[in-house]
């Protein structure tokens, strides 16, 4: 566990221009409903668990054949001048990209089933995230050479902010090309972002924010021996998300 925080910090370096001197000590106590909804939308997009994997499975047949461990840097587009950010006294130095470093582990189990786990602690913030996903690949059943596909379900949550908890749960379908070194892919899906107020926020009459958002990802995986690089451009609703992941797979 001593390696987790250094890996989180290192992954922020994977997005050019993402690292800044921002302080993100978020305390929304006293927010009006519109401010709560705006913050929920931004952080909900950040909470969403990117695919960060190509369409190929980690496993196939009867024997698991794949484990992947990687660090990921994700940048979520935001408006730092929006009222919900401007009203937070513990937030400073914020720019138009919210950095979200992550540590990701995924593994294959028999019959093309994969499971994954994500953990994040944004530096200089009170934001923590965890996420889980399950994928089922069925490229072997497509009668086209080098074509892969999968479906996945995912669930993630954000905690650490007073009187506020955010979850993202959804599903998606992906298709991609399983070429020797470069594996492009595209994914379409939907996620439900739910932000639940408690404590003083709930006492002040702020109610739950819940919204279904469409998701879309265009990505590419490059693999050389055991080393991997994933680059993705995604949208969650109208939020743009860029991710780069570095790791190894065996």
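Among residues of region 189-219 being out of contact with any strand residue (DSSP E or B) (no Cβ under 8 Å at 6 or more places or on another chain) and in a loop (DSSP other than H, G, I, E, B), the one that is surrounded by the most Cβ atoms within 10 Å (Cβ to Cβ) is 204.
State all residues of region 23-50 that are at pLDDT below 95 and surrounded by 20 or more Cβ atoms within 10 Å (Cβ to Cβ); if no residue qualifies, say none. Residue satisfying the conditions is 24 alone. Out of region 56-86, which residues are assigned to a strand (DSSP E or B), over 30 Å from residue 126 (Cβ atoms) and touching a strand residue (DSSP E or B) at 6+ places or on another chain (Cβ under 6 Å)? Within region 56-86, 59, 64, 67 meet the criteria.
Determine if region 178-188 includes at least one residue that is under 20 Å from residue 72 (Cα atoms), surrounded by 15 or more Cβ atoms within 10 Å (Cβ to Cβ), at pLDDT 95 or above and over 19 Å from the mean Cα position of the chain (by Cα). Scanning region 178-188, I find at least one residue that is under 20 Å from residue 72 (Cα atoms), surrounded by 15 or more Cβ atoms within 10 Å (Cβ to Cβ), at pLDDT 95 or above and over 19 Å from the mean Cα position of the chain (by Cα), so the answer is yes. For region 237-250, a residue qualifies if it is in a strand (DSSP E or B), modelled with pLDDT of 95 or more and farther than 15 Å from residue 186 by Cβ, and the qualifying residues are 239, 240, 242, 244, 245, 246, 247.
Does residue 14 count as touching a strand residue (DSSP E or B) at 6+ places or on another chain (Cβ under 8 Å), closer than 27 Å to residue 250 by Cα, buried (at least 20 other Cβ atoms within 10 Å of the Cβ) and at pLDDT below 95? Yes: the conditions hold for residue 14.
Evaluation of residue 172 against the conditions (1) in contact with a strand residue (DSSP E or B) (Cβ under 9 Å, 6 or more places away or on another chain); (2) loosely packed, with under 13 Cβ neighbours inside 10 Å shows that the sole unmet condition is (2). Select from region 159-169 the residues that are out of contact with any strand residue (DSSP E or B) (no Cβ under 8 Å at 6 or more places or on another chain) and buried (at least 19 other Cβ atoms within 10 Å of the Cβ) and list them in ascending order. Answer for region 159-169, where residues must be out of contact with any strand residue (DSSP E or B) (no Cβ under 8 Å at 6 or more places or on another chain) and buried (at least 19 other Cβ atoms within 10 Å of the Cβ): just 161. Condition (residue is farther than 19 Å from residue 243 by Cβ and loosely packed, with under 14 Cβ neighbours inside 10 Å) applied to region 146-158: is it met by at least one residue? Within region 146-158, one or more residues are farther than 19 Å from residue 243 by Cβ and loosely packed, with under 14 Cβ neighbours inside 10 Å. Only one residue in 122, 65, 78, 109 is modelled with pLDDT under 95 and buried (at least 23 other Cβ atoms within 10 Å of the Cβ). Which one? Unique residue meeting the criteria: 122.
The residue of region 125-139 that is surrounded by the fewest Cβ atoms within 10 Å (Cβ to Cβ), among those that are under 15 Å from residue 43 (Cβ atoms) and in contact with a strand residue (DSSP E or B) (Cβ under 6 Å, 6 or more places away or on another chain), is 128.
The values are calculated or read from the model by the stated rules, or taken from the named source; none is laboratory data. For clarity, every value in this text was computed on a predicted model and none was experimentally measured. All Cβ positions, glycine included, derive from the backbone under ideal geometry; neighbour counts span all protein chains shown.
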